[in-house]
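Asks: Quick one: the structure is below, questions incoming.
The values are calculated or read from the model by the stated rules, or taken from the named source; none is laboratory data. Because the structure is predicted, anything quoted here is derived from the model rather than measured. Cβ: placed from backbone, ideal geometry, glycine included. Neighbour counts: every protein chain shown. In case anyone asks, the SASA skips ligands and DNA or RNA and just uses the protein heavy atoms, side chains included. Shrake-Rupley method; radii C 1.70, N 1.55, O 1.52, S 1.80 Å.
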Amino acid sequence: MMQIYFLSVLMNIIVGLLLVSKKKQNVVEDESDAEEQEVAVVDNAENKKVKGQLFASSTFNISMGLLSIIVGVLKLFVVSKSNIVIIGDLFPAAAGIIGGFAILVAYFVEKSSTAENLNDNFKRIFVTNSSLIGVLCIIVAVIHFIIPGALFL
């Protein structure tokens, strides 16, 4: 079904961009000094007006994470035209599920006070390496868009 194929590619790209941009925001916040933080607050308000508040919105992040997981699960059941049905759609579905889960975990860690209780390996995979997951989601989406019936993607 072409609708699920399109949604899978679209969600993988959006989730990948969200994960990569979230990591860049964290790096910029960590490197700023005390004086620069005061200026950054003013600049951040102006930046949100210029860039839009879409990628910074927690509602948008949660929605895209959940939608990506749902589309990934649907992608497992509804496959596109391919010679090898399971392998041809497995990686895009897995990328969507893992990327959506990484967004939800990042939101949980950011907003929760009990986030320190998470396993270190779990945090390292889904929070510290979230930009790597985002890049992999984008790569899988682009390859799946260009070659929808590829053997392993």
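Asks: Using a 1.4 Å probe and counting only protein heavy atoms, arrange ILE4, ILE14 so the residue with the most accessible area comes first.
Replies: ILE14, ILE4
Asks: Tell me the accessible surface of SER57 in square angstrom (1.4 angstrom probe, heavy atoms of protein chains only), to the nearest ten.
Replies: Its accessible surface works out to 40 Å², give or take rounding.
Asks: Once ligands and nucleic acids are excluded and a 1.4 Å probe is used, how much of THR128 is accessible, expressed in Å² to the nearest 10?
Replies: 70
Asks: Follow-up. Say R0 is 22 Å: what FRET efficiency, to the nearest 0.05, do THR59 and VAL135 get from their beta-carbon distance? Mind dumping the intermediate values first?
Replies: On the way: r = 25 Å, r/R0 = 1.12.
With R0 = 22 Å, the Cβ-Cβ based efficiency is 0.35.
Asks: Explain nothing, just compute: Karplus ³J(HN,Hα) = 6.51 cos²θ - 1.76 cosθ + 1.60, θ = phi - 60°, for every residue of the range 135-140 in order, whole Hz, x for Gly and Pro.
Replies: So the Karplus estimates, Gly and Pro as x, are 5, 5, 4, 5, 4, 4 Hz.
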